[in-house]
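To start, the structure itself, in structure tokens.
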Amino acid sequence: MLPKESKKKGEAINRLTLGQKLLAYTKKPFSFMLLIAISISAIITLGSVVWIIIYIFMKGTVPLFAQAKDLFALTWTTTNQSMFPALINTLQIIVVSLLIAVPIGVCAAIYLVEYANSKSMFVQSVRLAAEVLAGIPSIVYGIFGMIVFVNVFQWGYSILGGALTMSFMILPLILRTTEESLRAVPNAIRESSYALGAGKLRTIFYIILPAGLSGILSGIIMGIGRVVGETGALIYTAGITNGLGNILNGDGGKTLSVHLYFLAKEGLYTDKAWATALVLLLLVFAVYGLAGFVENKLKREY
């Protein structure tokens with residue numbers, strides 16, 4: 001089929017109504033069964049996510065506003081069970097882990113795509129190692145961080161140790177997503193840049209990286225989501241101290257997810273546990289929204 005005929009056929013299909021499309025599917029039983037299975041799976045998935053979000057809002061909204069003074073107190077006590085120190089500890093670990101993992105992961109991906117031989121044994125080994133490390137359970141990273149940072153380096157439970165452990169966890173994720181994004185950029189764009197006299201570095205930083213920005217930010221967002229929701233690795237590295245941790249002084253402190261875990265485990269502060277879960281959910285929404293805003297702004301700029 002000629003390209004023009006194929007394009008006209010695609011436009012004609014797009015103009016069909018939903019009923020006409022369903023009628024066309026009924027003429028092919030196997031395709032119709034697949035359509036039903038995919039639709040049911042999508043509805044179940046979307047419905048489950050929406051129900052979880054609604055349920056958390058229903059259970060956590062009233063305690064959050066009713067006990068806001070206690071939940072957001074500057075210091076934690078056995079009476080108020082404040083989540084504010086844990087929230088600050090979480091933000092510290094997010095910032096430090098991203099400052100470590102993002103430059104290393106992006107630069108490594110640039111080297112693998114733009115400089116190294118894609119068929120070499122070294123590149124294949126790095127990709128295999130990244131895939132393996134991305135699938136390792138978080139508790140293994142926690143034990144590694146405890147042995148190295150807590151015991152060998154003798155830092156004790158610290159925000160820095162937890163952030164370094166989390167940077168090891170999200171580094172393979174950022175590396176692989178960035179690499180795939182850069183590989184998806186057409187070679188014609190690179191060749192056009194070289195033809196106009198741009199050098200290798202200028203082409204990478206002004207052409208290739210902006211073109212693959214969506215994938216890079218997606219990897220960073222997934223990394224942030226993993227840091228925010230992590231408990232096992234941070235219990236063994238950042239500790240379970242209820243106070244406010246300080247990365248400069250080497251102090252440790254539990255994060256928001258660890259705080260939620262202990263509230264739910266004890267069973268004495270169920271209402272505050274739901275309020276903490278709601279704040280954790282809102283934090284994830286805020287991070288995703290901020291990342292989307294930055295992505296759109298950078299897309300318009302470049």
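The values are calculated or read from the model by the stated rules, or taken from the named source; none is laboratory data. Small disclaimer: the values here were computed from a predicted structure and weren't measured. We place every Cβ from the backbone using ideal geometry, glycine too, and count neighbours over all the protein chains shown. Only protein heavy atoms, including side chains, enter the accessible area calculation; ligands, DNA and RNA are left aside. Shrake-Rupley method; radii C 1.70, N 1.55, O 1.52, S 1.80 Å.
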Query raised in the report: If only one of ALA101, ALA163, ALA134 is modelled with pLDDT under 85, surrounded by 13 or more Cβ atoms within 10 Å (Cβ to Cβ) and closer than 13 Å to GLY223 by Cβ, which one is it?
Result: ALA134
Report task. Quick one: which residue in THR203, THR270, THR241 is in contact with a helix residue (DSSP H, G or I) (Cβ under 6 Å, 6 or more places away or on another chain) and polar (S, T, N, Q)? Result -> THR203
Query raised in the report: Does ARG176 count as surrounded by 15 or more Cβ atoms within 10 Å (Cβ to Cβ), under 14 Å from ALA108 (Cα atoms) and basic (Lys, Arg)?
Result: yes
Requested in this report: Tell me which residues, restricted to segment 36-57, are open to solvent by 80 Å² or more (accessible area, probe 1.4 Å) and more than 17 Å from PHE285 (Cα to Cα).
Outcome: ILE38, ILE40, ILE43, ILE44, THR45
Query raised in the report: Where residues in segment 233-270 are surrounded by fewer than 16 Cβ atoms within 10 Å (Cβ to Cβ) and on the phi > 0 side of the Ramachandran plot, which of them is farthest from the chain's Cα centre (by Cα)?
Result: GLY267
Query raised in the report: Failed condition for GLY197, given (1) under 19 Å from MET83 (Cα atoms); (2) open to solvent by less than 70 Å² (accessible area, probe 1.4 Å); (3) in a loop (DSSP other than H, G, I, E, B), with all others met?
Result: (1)
Report task. Hey, could you check segment 80-98 for residues that are surrounded by fewer than 24 Cβ atoms within 10 Å (Cβ to Cβ) and among the aliphatic types (A, V, I, L, M) and say which is nearest to GLY161 (Cα to Cα)? Result -> VAL96
**Report entry** Any pair with Cβ under 9 angstrom, 6 or more apart, that starts in segment 259-276 at a residue that is touching a residue at least 24 places away in the same chain (Cβ under 8 Å) and part of a helix (DSSP H, G or I) and ends at one that is among the charged types (D, E, K, R) and open to solvent by less than 70 Å² (accessible area, probe 1.4 Å)
**Finding:** TYR261/LYS254; LEU263/LYS272; LYS272/ASP70
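So which residues in segment 271-298 are of a type outside the set (D, E, K, R), farther than 19 Å from ILE53 by Cβ and open to solvent by 70 Å² or more (accessible area, probe 1.4 Å), if there are any at all? Explain how you work it out, then say what you get.
Of the residues in segment 271-298, the ones of a type outside the set (D, E, K, R) are 273-294, 296, 298.
From the residues that got through so far, the ones that are farther than 19 Å from ILE53 by Cβ too are 293-294, 296, 298.
The answer is PHE293, ASN296.
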Query raised in the report: When you go through (1) open to solvent by 60 Å² or more (accessible area, probe 1.4 Å); (2) part of a helix (DSSP H, G or I) one by one for ARG190, which number turns out not to apply?
Result: (1)
